[in-house]
Each structure stands twice: as C-alpha cells, then as structure tokens.
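Visitor: Below is one structure. I have some questions about it.
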Amino acid sequence: MSRTPLLAAGGCAVLALLASCGPNASFDPDLRRWMPGALNTADAAARAAPRPQPDSRGVISFPDYQVAIARSGDTPASIASRLGLTADELARHNALPIDATLEEGATLVLPRRVAAGSPASGTSTTGLVTDPFAGQGVRQRDVPGRSNAPSGGGTPPAAATAQPGQHVVSAGETAWSISRKYGVSVQDLASWNGLPSSMNVRVGQRLMIPVAGQKPPDPAQVTTAPGTGSPTPKPPSSAEALPKQDTRPAAAPVPDAPATNMGADRTAASDGGRFAMPVSGAIIRVYEKGKNDGIDIAAPAGTSVKAAGSGTVAAITRDTAGVPIVVVRHGDGLMTVYTGLASLNVAKGDQLSSGQSLGTAGDGGFVHFEVRRGFESVDPEDYLG
C-alpha cells in the first residue's frame, strides 16, 4: 500500500506554518482564518478541558458532588481517614473493597460533601470548578459588591457551571461504549477518571463524564462566501441510524467471494507481524487515524472470525445496532477489537489461543478489525504477519 498520505501530511505542516502569518506579519493561532476549508480546529476545540487540579487533600469540588484523587499506595480506607469519612461508606459508594489498592490518579466519588482543603502547592485555586471558558483566562476586574474568589467551606458558588456528569458502569459496558454513549472521546474519559492503560472498568464504578468543548459547527448551517465551496458534511457514524435503503432479502443466496491474493493486499511492514488476519479476505478499507481506527476485511456471511493472537476476552458489548463488539487483551499493552460478527463462540474472561474461533461474520459483507496500544489505535497492517 502507498504511504503517499504521509508525504501529504508533511506538506500540510509546512503550509500551516506559512499560513499562520497574517498580512500584518502577526502570528494567527487560528489557521482557519487564512486557510478556509483546508485546516479546521473545530475537532480539537471539541475535546474536553483537562481535569481540574485537586486541593491539598486530593479533593476536586463540583457544584453538586466531590471526587477524591488517589495518591500512590492509597486505598478507600486511607482516603476515607484523610477526609473524615467512614471507610465502609466510601468503598460501598464506589463498588470497591475497603482495602483495595488504587492506582495513582484514580478517582473516587465521595458519598457526601467534605470541607474543601487549601490550594495544592503551585496552584491558585481550591479545586472548585467553574465554567472553563468564562473570561477566556483573562483576570476579571474587581467590581464593588461582587467577590471574585470562590466561597470556602466546600459550598460551591451559585455561578459554578460546566459540571461533569456521572455514570455508574453496568454489566457489559466498556470505556469505548460509555464514551460513545455520551459523545466524548475515550481519551478524555480515561484521563478524567484515571483509568489504567488497559481501560478496564468495573460494574458499579462511578465515572465522571467530562464536559466536551465547543461543538463543531453543523456543515448544513455554515454560510460560505461565493467561490469558496461548501463544507462536506460528515458521513453517518456507527452511533447514527443510516438512511432507509432497499435491502436484499435474507433468504437470497450470497454470491461467492472472489478469489483473493492476500499477498497483493499486504504491505512490506506487515511481514513477520505479531497477529494473524482474523478472516481470509481482501482489505476493502484501510486504517485512517481518527476516521477509521482499524481495517475492514471482506467476509461473506457465516465466515469464521478467528482471534488474531492468543489472549483473554476482556469485554463483549454491542453497538447501537446490536452488533457484537469483542475486545481481546494481549501482552505488551496491546488489544484487538472485532466487530461485524453475527454470532459468538466466546464469553468474557475466556482464554484464547491464536486462531481460535470468536464467532461468524454477519451479513454486512465485512469484518472490522482494530489494534490498540493503550488508549490509542494503531495501524493493524503494521502488526499483521
């Protein structure tokens, strides 16, 4: 496969640097002003703001609830002792054993409010969250009769906004399915809640749902200048229903799959890779970071879908159309994801060997396959042998 997009990306970087200088030789951080239609920062603006810094006791206070950030070696019992709570109520509220060892940065939702601590060293806030976009980081002028400082004692000011929501994890849910449900990125969900690199979540766990930034404008509502063209709307995603179409009856015979030379569909980088192809078929859609986080492999209905490598079934969930999603955890922080299956032969927690059957392909005509290292997707072709 050609790596031409990499060269094009390098060219875009040079153009971006040149385009950032306006007609008065000043630097313009918003490249959309000088390159309409070519570069757009809307997607980046939609990312959630970083998680607020906790106070000296490790507490972040929101208008309606508080969370505690675990330190190295913390347990629910040690956090409860530090905050004046009972260990049992804190552990039970977060579906944890009292003596469970927590990873540094993990979050626990407090069952009731505690007094706010002093600002952490090097910060100027008490961990109380207000609207992150208010004032755009500019210090506000003192106005008689109005206090610019947050109130103390753990009671949030009336103007506090942009509070993250909460979600209690149910059986079968994963970090990916939860992030899709609320329209946030899995990276933001993980960073706000201190999830481990495996992105494991447990039943009963309370997660903060970060408030996303600015929504990208609706292409249908954008007015463009004459001659500049119209923005192309995004195609329907897996979270949206596709337009109604005439489909072939399920009883209709499936055409024979064309004979495929798999060697012609591989790149040199895939030789001697760690994983095997989950199905034998042509790659009909390649990996594109942020657009297609895996590859689509042609597979007639009923084709056996196999584990790309040995590992453990970490999660089984379903997308909005009810299609199963299987996540297999391998060594070295790698995970593989399989969608487009109609039936399953495995269950969560099963130990798999390479090539073991996961189930059969559905009638969509392809199987979607992803490889992830931690939170990030990587090109599966770089790992296929």
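The values are calculated or read from the model by the stated rules, or taken from the named source; none is laboratory data. Quantities reported herein were computed from a predicted structural model and do not represent experimental measurements. As a convention, Cβ positions derive from the backbone with ideal geometry for all residues, glycine included, and neighbour counts pool all protein chains shown.
Visitor: Specify which of the listed residues (D74, D88) is surrounded by fewer than 15 Cβ atoms within 10 Å (Cβ to Cβ), at pLDDT 90 or above and assigned by TED's automatic domain parsing to the domain that holds S179.
Guide: The conditions single out D88.
Visitor: Can you tell me which residue within the stretch 163-185, out of those that are surrounded by 13 or more Cβ atoms within 10 Å (Cβ to Cβ) and out of contact with any strand residue (DSSP E or B) (no Cβ under 7 Å at 6 or more places or on another chain), is nearest to I325 (Cα to Cα)?
Guide: If we take residues in the stretch 163-185 being surrounded by 13 or more Cβ atoms within 10 Å (Cβ to Cβ) and out of contact with any strand residue (DSSP E or B) (no Cβ under 7 Å at 6 or more places or on another chain), then W176 is nearest to I325 (Cα to Cα).
Visitor: Based on what the data block shows, is R82 surrounded by fewer than 21 Cβ atoms within 10 Å (Cβ to Cβ) and not in a loop (DSSP other than H, G, I, E, B)?
Guide: yes
Visitor: Of the residues L341, L384, L334, L352, only one is at pLDDT below 90 and surrounded by 14 or more Cβ atoms within 10 Å (Cβ to Cβ); which?
Guide: L384
Visitor: Moving on. Quick check on the stretch 333-350: of everything there that is of a type outside the set (V, I, T) and outside any strand (DSSP E or B), which residue is farthest from the chain's Cα centre (by Cα)?
Guide: Restricting to residues being of a type outside the set (V, I, T) and outside any strand (DSSP E or B), the top hit is N345.
Visitor: Quick check on V313: is it surrounded by 14 or more Cβ atoms within 10 Å (Cβ to Cβ), within 16 Å of the chain's Cα centre (by Cα), modelled with pLDDT of 90 or more and closer than 20 Å to M199 by Cβ?
Guide: So V313 does not fit the description; no.
Visitor: Tell me yes or no: at least one residue of the stretch 32-49 is modelled with pLDDT of 50 or more, within 18 Å of Q166 (Cβ to Cβ) and either outside the structural domain of P164 (by TED's automatic domain parsing) or under 26 Å from the mean Cα position of the chain (by Cα) (or both).
Guide: yes
Visitor: Let me ask you something else. For A212, work out the one condition from (1) touching a helix residue (DSSP H, G or I) at 6+ places or on another chain (Cβ under 7 Å); (2) at negative phi; (3) of a type in the set (A, V, I, L, M); (4) modelled with pLDDT under 90 it doesn't fulfil.
Guide: The single condition A212 does not satisfy is (1).
Visitor: Spot the failing condition for D296; the list is (1) charged (D, E, K, R); (2) crowded, with 21+ Cβ neighbours inside 10 Å; (3) under 17 Å from the mean Cα position of the chain (by Cα), and only one is missed.
Guide: (3)
Every residue, every condition in (1) basic (K, R); (2) within 17 Å of G331 (Cβ to Cβ); (3) touching a residue at least 24 places away in the same chain (Cβ under 8 Å), yes or no:
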| site | (1), (2), (3) |
| --- | --- |
| N345 | no, no, no |
| K348 | yes, no, yes |
| L352 | no, yes, yes |
| G359 | no, no, yes |
| F366 | no, no, yes |
| F369 | no, no, yes |
| G374 | no, yes, yes |
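Visitor: Hey, another quick one. Of these, L341, L334, which one is hydrophobic (A, V, I, L, M, F, W, C) and farther than 18 Å from D296 by Cα?
Guide: L334
Visitor: Report yes if some residue within the stretch 97-112 is buried (at least 21 other Cβ atoms within 10 Å of the Cβ) and over 29 Å from the mean Cα position of the chain (by Cα); otherwise report no.
Guide: no
Visitor: Out of the residues in the stretch 355-366 that are assigned to a loop (DSSP other than H, G, I, E, B) and not charged (D, E, K, R), which is modelled with the lowest pLDDT?
Guide: Per the stated criteria, the residue is G364.
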